[in-house]
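J.: Pasting a structure here, questions to come.
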Amino acid sequence: MTYVVITFVVLLFLNIYCSKGSYQLFYSSNKTGMLDKCQLASDEISQLDVLNEEGIQEVLAQLGTLSVTRTIVTDPYGLALYDSMNAVEGSYVVFPEIAQALDDSSWQYGNDAFSWIYSDGSMRSSAAVPGGRYGTIIGCVYMTHFNPEQGQLLQSIQSTVLQVTLILEFLVIVFSLAFSKTFSRRLQKIMASMRIIQEGDYTHKLDIGGNDELTVLGAEFNDLTDRLQTSE
């Protein structure tokens with residue numbers, strides 16, 4: 001039972017480690033990809049003489065497909081100048097990522113913002129990068145992307161790791177029960193032989209087979225009975 005418990009704890013930690021590792025891998029991959037896309041769009045948009053919807057649309061069209069669900073471009077105050085979903089244009093956007101990107105108190109150190117949510121088998125990645133000229137923020141680019149495929153892949157990995165963990169633990173339990181039963185049977189042979197010797201039958205020989213410590217003990221037991229028989 002101790003062996004089973006120890007292996008169960010080890011496999012449990014292994015399962016948790018693999019799940020967190022895969023989660024962190026997807027997180028890092030999405031963060032790098034989203035921030036790179038935002039930075040690319042921000043660099044191009046920052047070269048516009050005037051930030052307006054037409055100019056932003058032209059720049060994004062030149063960049064081609066960025067594989068994101070939504071793109072928002074704001075001015076330095078968070079006013080949406082462009083929204084690919086046409087939902088918040090002309091309104092102030094208060095998304096946390098945009099607020100962080102437009103925080104000019106530490107913009108010189110980089111205010112790239114990223115958030116990632118994984119729930120119900122789907123991933124939602126959001127990123128915002130400020131754009132500027134001459135050390136002054138002129139706006140920011142915000143992108144978000146829903147990725148159910150990656151969510152299903154992560155869920156599949158975690159499910160596979162869990163299944164492997166359960167299978168390994170089942171094999172450990174089966175092995176432990178088989179080993180315990182075999183060991184107990186051989187130990188009972190030794191106890192039975194000891195009772196026979198106690199009754200005075202020094203001709204009895206112990207044969208437990210195997211090639212381990214119990215085999216050595218059986219050989220020593222037989223040597224002892226030979227000496228007792230000689231002494232008798």
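J.: Going Cα to Cα from Lys181, which aspartates and glutamates come in below 19 Å? Please leave out same-chain ones fewer than 8 positions away.
T.: Leaving aside aspartates and glutamates fewer than 8 places away in the same chain, those within reach of Lys181 are Glu169, Asp207, Asp212, Glu213.
J.: If one takes the longest principal axis of the Cα atoms in the chain, at what angle in degrees, from 0 to 90 and to the nearest 10, does the Cα axis of helix 213-231 lie?
T.: Rounded to the nearest ten degrees, it is 10.
J.: Please give the Cα centre distance for region 181-204 versus region 113-138, rounded to the nearest Å.
T.: Measuring centre to centre over Cα atoms gives 75 Å.
J.: Using Cα pairs closer than 8 Å and at least 6 residues apart in sequence, work out the relative contact order for region 1-148, in percent.
T.: Values: 232 pairs, mean separation 36.6, N = 148.
The normalised contact order for region 1-148 reaches 25 percent.
J.: Taking all protein chains in place and a 1.4 Å probe, what share, in percent, of the accessible surface of the chain do carbon and sulfur account for?
T.: On the way: 8500 of 14450 Å².
Reported share for carbon and sulfur atoms: 59 percent.
J.: Of the peptides 129-142, 8-21, how do they stack up when ordered by the mean number of other Cβ atoms within 10 Å, highest first? Numbers along the way, then the final one.
T.: Numbers: 129-142: 19.5, 8-21: 13.6.
So the peptides 129-142, 8-21, ranked by packing, come out 129-142, 8-21.
J.: Tell me what the chain gives for mean residue ellipticity at 222 nm when only DSSP H runs of n ≥ 4 count, each as -39,500 (n - 2.57), the sum divided by the residue total, rounded to 500 deg cm²/dmol.
T.: -20000 deg cm²/dmol
J.: Now, a different point. Taking Lys20 as the anchor, which lysines have their alpha carbon closer than 26 Å to its alpha carbon, excluding any fewer than eight residues away along the same chain?
T.: Lys31, Lys37
J.: Would you mind calculating the gained length between Phe13 and Ser119 on full extension (0.36 nm times residue separation, minus the Cα-Cα distance), in nm to one decimal?
T.: Contour length minus Cα-Cα distance gives 35.9 nm.
J.: Now a separate question. Helix 2-45: angle to the longest alpha-carbon principal axis of the chain, degrees 0 to 90, nearest 10?
T.: 10 degrees
J.: Using Cα pairs under 8 angstrom and six or more residues apart, how large is the relative contact order of region 55-141, in percent? Let's see the in-between values first.
T.: Numbers: 136 pairs, mean separation 21.4, N = 87.
With pairs under 8 Å counted, the relative contact order is 25 percent.
J.: With a 1.4 Å probe and every protein chain left in place, work out the accessible area per residue of the chain in Å², rounded to a whole number. Write down the numbers at each step before the final one.
T.: Working: 14450 Å² over 232 residues.
Ligands and nucleic acids excluded, the result is 62 Å² per residue.
J.: How big is the accessible area of Arg195 in square angstrom, nearest 10, if you roll a 1.4 angstrom probe over the protein chains?
T.: 130 Å²
The values are calculated or read from the model by the stated rules, or taken from the named source; none is laboratory data. Since we're looking at a predicted model, the values are computed, not measured. Methodologically, a virtual Cβ is constructed for each residue, glycine included, from the backbone with ideal geometry; neighbour enumeration extends over all protein chains shown. We work out accessible area using only protein heavy atoms, side chains counted, and drop any ligands, DNA or RNA first. Shrake-Rupley method; radii C 1.70, N 1.55, O 1.52, S 1.80 Å.
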